[in-house]
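Just so you know, all these numbers are worked out from the coordinates, no wet-lab data involved. Since we're looking at a predicted model, the values are computed, not measured.
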Amino acid sequence: MTERLPLFPLNTVLYPGLVLPLHVFEERYRHLVADLQKLPEDEPRRFGVVAIRDGRETAPVREVDGPAGPLDGIGAPGEDPMDALHPVGCVADIASVRDQPEGRYELLVTGTTRFRLRAIDATGPYLVGDVSVVPEQPGEGSGALAAGVERAFRTYQKRLAGAREATLNGEPDLPDDPQVLSYLVAAATTLPVAVKQELLACPDTAQRLTRELELLRRESAVIAKLPSLPAADLTRQAFSPN
């Protein structure tokens, strides 16, 4: 079954259970938020966050305070917006809305369920997708894999902090649930959007954890060699908890 869902394209990835702050400044997305605010109180205020594909050169993403803003030109006449967006996204439930000058909004949203884009309607003031839910499956051996990912993630955090000459204040508690852990690790690692998208789209938790274990070991090995690398290689991408 499919349902219709307003879409908010971003150059970041939202995961189930994770929180994302958004600064809404573009007219089409101000319209989206305004429409959601008109809904009855008992109806959920939600939209779909979808990541923009790498290499898109037209209608560039504009940087804003916090996570990057939406892509202006998706859905332009003659374009298929499906070509510009990754097919798997995440439903965002609005936790809070703060009105800002000039009709802008500050949102705090929480990721809930994954979805797959089936079609996009670009005829309205903002994009609307026909989406179907992507079910969560544990996969085989997710419990054992989670233990390995937790150890690898702690090593990664320590080495990353050391490369930045920072200090970790103790070891933060990590969730016991393999699925929750898999999404938290995906969000907290310093990886390109395309890789974060790959983790979101993994068919099940076990496959996501397997891929994360590989990535964490690789990244930790790279960070361990950073003192001998040029300064430009110290940070390949700004850290983001999203």
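Mind checking the full-extension length gain between LEU174 and GLU106? Use 0.36 nm per residue of separation minus the Cα-Cα distance, one decimal, nm. Before the final figure, lay out the partial values.
Values: separation 68, 0.36 × 68 = 24.48 nm, distance 2.85 nm.
The LEU174-GLU106 span can extend by a further 21.6 nm.
Give me the extension gain from THR190 to VAL97: residue separation times 0.36 nm, minus the current Cα-Cα distance, reported in nm with one decimal. Intermediate values should be presented prior to the final figure.
Values: separation 93, 0.36 × 93 = 33.48 nm, distance 2.80 nm.
Taking THR190 through VAL97 to full extension adds about 30.7 nm, to one decimal.
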